[in-house]
Every structure is written in structure tokens, then in C-alpha cells.
DNA sequence: GTCTATAAGACGATAGAC
DNA sequence: GTCTATCGTCTTATAGAC
């Protein structure tokens with residue numbers, strides 16, 4: 001993963017197994033291609049249901065568990081996508097900045113859901129927005145810092161066992177952090 | 001923050017308010033400069049005491065709280081440094097990879113400290129390495145995803161109030177996640 | 001639609017005067 | 001040590017034949 005400047009059109013063409021000229025037949029500029037890819041990924045990213053899921057009648061425990069599971073699956077299975085977005089945000093989000101407002105709306109809806117859980121006594125009184133940051137930080141770390149994580153785990157890819165263990169530990173950790181009882 | 005390929009020597013020279021030629025008087029190649037900066041930051045990064053702090057007699061609660069506080073301060077005060085390392089790791093850590101072994105040793109020592117806490121009943125039985133990943137993921141997110149976080153908080157920089165609130169919420173969240181009693 | 005060839009410019013690095 | 005000028009290379013993008 002190298003971001004916009006770190007990748008050449010030649011490399012893109014090579015990986016697509018087409019010529020550079022052919023690539024330019026389909027796209028106008030490299031920037032445009034980058035922007036398109038980025039927006040596609042970000043849409044997929046934002047639309048990952050953040051608690052206002054299937055039915056609003058899910059318990060806090062069920063909804064949060066499911067969201068963590070989905071986010072971790074995304075990190076395990078499509079780390080490249082996570083990384084592309086990460087580089088864009090690290091760089092100050094010159095392109096995605098405009099779309100933050102869209103995300104804000106999604107998040108506001110999720111904030112209200114969390115507030116309801118808190119009122120109902122399903123979880124502790126935690127700032128919902130900060131809770132999202134923590135969940136994002138943890139789950140995305142397994143994609144973005146893949147090399148470091150795997151190096152320390154002594155592997156070169158996440159085995160099915162690794163995934164289960166991580167998912168289980170992370171879920172229980174976050175649920176406890178939310179003050180949601182660990183036992184069934 | 002743009003990584004190695006994303007920054008031109010011209011930009012570096014401009015920001016240093018010297019000419020491009022003068023820059024090349026002090027450094028040989030751009031790669032060399034990048035490597036030097038990276039290794040300096042990473043050393044500072046790794047040496048941030050990870051639990052095997054001052055005295056080994058610190059309680060789990062005190063040691064973890066202190067570490068979170070230090071990491072968050074670093075994220076708030078020197079986000080650029082965090083970002084440079086983040087980009088390097090996102091890119092597969094071509095340069096830092098060799099130094100991972102050093103970090104592994106630091107981490108192994110910290111793992112033993114955590115194991116002791118668990119044996120003593122100071123905290124729940126959590127995989128220490130995964131715990132580190134979660135703490136790193138959360139704390140670094142406030143630096144690396146700065147734009148996104150601040151955009152959602154409705155600010156353009158972390159105020160003293162923001163910092164206190166984040167630090168307090170994050171610390172309590174993680175301590176609860178570790179099964180360490182919230183009250184005094 | 002797909003190719004070869006090349007234009008046009010950006011960039012890292014150096015030469016050489018002062 | 002610091003400057004101006006420039007070389008050589010890499011890269012994006014286009015022109016034009018087929």
C-alpha cells in the first residue's frame with residue numbers, strides 16, 4: 001500500500017495486466033482513478049451498519065458484538081481497503097473530507113441508539129462518539145498495522161484460529177469496557 | 001504527512017526555509033534522511049515504558065493508567081510523529097521491519113509483567129499481546145485519524161478540555177476492559 | 001480498442017562559481 | 001557553506017498508426 005504518490009500508473013497497469021496506454025483509455029488521470037477507488041471503499045466503509053442495524057430492537061450486547069465482528073472480518077479479509085482509507089485520512093483526508101458530513105449523519109443516528117441503551121441501563125454512561133473511536137481504533141489496527149501485529153504474533157497471515165481468538169478477546173474486552181456483563 | 005514518496009525534497013527544503021541545494025549539502029539522499037527520521041521516532045516510540053516502568057512494584061491500575069496517559073499525550077502533542085510511523089507500517093514497514101525484533105523484546109518483558117498481574121488477581125486473564133494491540137490501536141487513533149476525529153468532535157484541534165475528557169473516558173474504558181475496578 | 005512512440009514536465013541529485 | 005544552473009531519470013499523459 002503506497003497511497004497516490006507511491007504508486008505508478010505503470011504498476012497499476014502491470015497488476016491489471018494491461019498496457020499503460022490502455023489504462024489511460026479507460027481513465028483520464030491517475031487522480032481521478034484514485035478518487036473513484038477511494039470513494040467506493042469509503043462508501044462500503046461507512047455503510048457498514050453502525051448499531052442502527054437490522055432491527056432497532058437488538059440488545060446493546062448483540063448489536064455491539066455484531067458490529068465488532070463485522071469490522072474485524074473486514075480487517076482480516078480486506079486489509080488493503082482499510083489501508084487505502086487509512087493513508088487518505090493520515091494525509092489529512094484531502095479528498096474524503098467533503099464526505100465526512102455523510103459519515104457524521106450515520107454516526108449521529110448511532111449516537112442516539114447508544115444513548116437509548118444507556119438510558120435503559122443496558123450499558124454504562126460512555127460518550128458514544130468516543131466509544132466509536134475506540135472501536136474503530138482497535139478493529140482497524142488489525143488491518144493497518146498488519147505487519148507489526150503479525151510479526152509479534154509470529155505469523156505472516158491471520159489463521160482461522162488467530163481470527164477466532166482475536167475476535168473473542170476483543171469483543172469481551174469492549175463489552176466489559178461498556179459495562180455489559182460478560183456472562184451469557 | 002505523506003510518507004517518503006509523497007514528499008518532495010523541494011517541499012522539505014521549503015519548510016526548512018533553505019534551498020534544495022543546501023539541503024543536499026547536509027544530506028546525501030532523500031532515502032537516508034527518511035530512514036534517519038524514522039529510526040529516531042521509532043526509538044522514542046518503543047522506549048516509551050510499557051509497564052515495566054519506574055518500579056516493578058506499580059499496581060496494574062497505576063501502570064496501565066500511566067501508560068495510556070503517556071501514549072495519549074504523545075498523540076495529542078506530536079501527531080506528526082505518530083503519523084510518520086503509521087505510514088511506514090501501513091506500507092509494510094520496509095525499513096522498520098528489521099527493528100521489530102527490538103520491539104519484540106520490550107514487549108516480551110511487558111508480557112511477563114501483565115502475566116504477574118493476572119496471577120496476582122489484579123486483572124482478568126487477557127492475552128497480554130492482544131491487550132497491547134488494543135491500547136495502541138485506541139491511543140494512536142487519536143493521532144493518526146486526527147482529521148476524522150476532530151471533524152466529528154466539531155473542532156480543529158484538541159482543546160485542554162477535549163484531552164482531559166478523552167483521557168478520562170479512555171482510561172476508564174480500558175481499565176474496565178481489563179476487569180480492574182473502576183472505583184478508587 | 002489496442003499498440004508503439006514520444007511529448008511534457010517533475011524530481012533527485014550534482015557541478016561549479018563565488 | 002551557499003548559490004545558480006543543469007543533467008539525467010522517472011512518470012504521467014497523449015499522438016497517431018493499425
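The values are calculated or read from the model by the stated rules, or taken from the named source; none is laboratory data. In this text, all values refer to a predicted model and were calculated from it rather than measured experimentally. Using ideal geometry, Cβ is built from the backbone for each residue, glycine included, and neighbour counts are taken over all protein chains shown.
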Some residue of region A:69-91 being more than 10 Å from every other protein chain (Cβ to nearest Cβ) and over 23 Å from residue B:90 (Cβ atoms): yes
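For region A:135-168: of the residues being under 19 Å from residue A:66 (Cβ atoms) and surrounded by fewer than 18 Cβ atoms within 10 Å (Cβ to Cβ), which is nearest to the other protein chains (Cβ to nearest Cβ)?
A:165
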Candidate set from region A:26-37 (those that are within 14 Å of chain B (Cβ to nearest Cβ) and surrounded by 14 or more Cβ atoms within 10 Å (Cβ to Cβ)); member that is nearest to DNA strand C (Cβ to nearest atom): A:30
Scan of region A:26-56 for residues that are modelled with pLDDT of 95 or more, under 19 Å from residue A:100 (Cβ atoms) and outside any helix (DSSP H, G or I), ordered by number: none
Qualifying positions in region A:10-25 - loosely packed, with under 13 Cβ neighbours inside 10 Å, more than 6 Å from DNA strand C (Cβ to nearest atom) and assigned to a helix (DSSP H, G or I): A:10, A:11, A:15, A:16
Any hit, region A:8-18, residues being away from DNA strand D (no atom under 12 Å from the Cβ) and under 18 Å from residue A:92 (Cα atoms): no
Checking residue A:118 against (1) without any contact (Cβ under 8 Å) to a residue 12 or more places away in the chain; (2) within 17 Å of residue A:79 (Cα to Cα), the condition it does not meet: (2)
Qualifying residue in region A:69-83 (condition: surrounded by 18 or more Cβ atoms within 10 Å (Cβ to Cβ) and either touching a strand residue (DSSP E or B) at 6+ places or on another chain (Cβ under 8 Å) or in a loop (DSSP other than H, G, I, E, B) (or both)): no
Total residues in region A:121-134, condition away from chain B (no Cβ under 13 Å) and without any contact (Cβ under 8 Å) to a residue 12 or more places away in the chain: 1
Filter pass, residue B:4 being within 16 Å of DNA strand D (Cβ to nearest atom) and crowded, with 18+ Cβ neighbours inside 10 Å: yes
Verdict on residue B:66 being within 16 Å of DNA strand D (Cβ to nearest atom), part of a helix (DSSP H, G or I) and away from every other protein chain (no Cβ under 14 Å): no
